[in-house]
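Taken together, the values in this text are just the output of simple stated rules run on the coordinates, not laboratory data. The structure displayed is predicted, hence computed values, not measured ones. Every residue, glycine as well, gets a Cβ built from its backbone with ideal geometry; the counts of neighbours run over all protein chains shown.
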Amino acid sequence: MSKRYITTKGVQAKIWCDLHYPRPVFMDRPTERMPKRELQAMMRARADEARRTIDLLERASDAGIDNATIRKYINVLHDFRIASGYFTTLALGMPQLWEE
């Protein structure tokens, strides 16, 4: 079965993407068989993409968009933070507790 990717036309097979986009960049998920070196390179690429996404969201908040869209973007960042599974603190005795 072919891998499927999220596109502006919905979820499509890799072959469809190759035919409809001039130079697609495929962002695959890691596999259990990947060596650590390859996983580290993938992690760096995903972190770079996350930074670009965060920059776009920050600029969008200053671009005069409506409150509902800003709330949506805040929730995207909130969910991203929750998914990371890290627990952080602001100072001693001040854990950051994120709503589920």
Place a label point 7 angstrom from the Cα of T69 along the Cα-to-Cβ direction, then list the residues of the stretch 20-61 whose backbone nitrogen is under 18 Å away.
53-61
Hey, what angle do you get for helix 36-61 against the long axis of the chain, alpha-carbon based, 0 to 90 degrees rounded to 10?
60
Debye, to nearest 20: dipole size of the chain, +1 on Lys, Arg Cβ, -1 on Asp, Glu Cβ
500
Label model pair L77, T53: point-to-point distance (7 angstrom along the Cα→beta-carbon line) in nm is 1.4
Counted charge near L39, where neighbours are those whose Cβ lies closer than 14 Å (Asp, Glu -1; Lys, Arg +1):
+3
MRE, 222 nm, helices only [DSSP H, n ≥ 4, -39500 (n - 2.57), over the chain, to nearest 500]
-17000 deg cm²/dmol
In whole angstrom, how long is each semi-axis of the equivalent ellipsoid of the chain, when you take the square root of 5 times every eigenvalue of its Cα gyration tensor and sort them from largest down?
30, 22, 12
Count the lysine pairs in the chain whose Cα atoms sit under 27 Å apart, keeping only pairs 8 or more residues apart in sequence or on different chains.
4
For helix 67-84, what angle does its Cα long axis make with the longest principal axis of the chain, in degrees from 0 to 90 and rounded to 10?
80
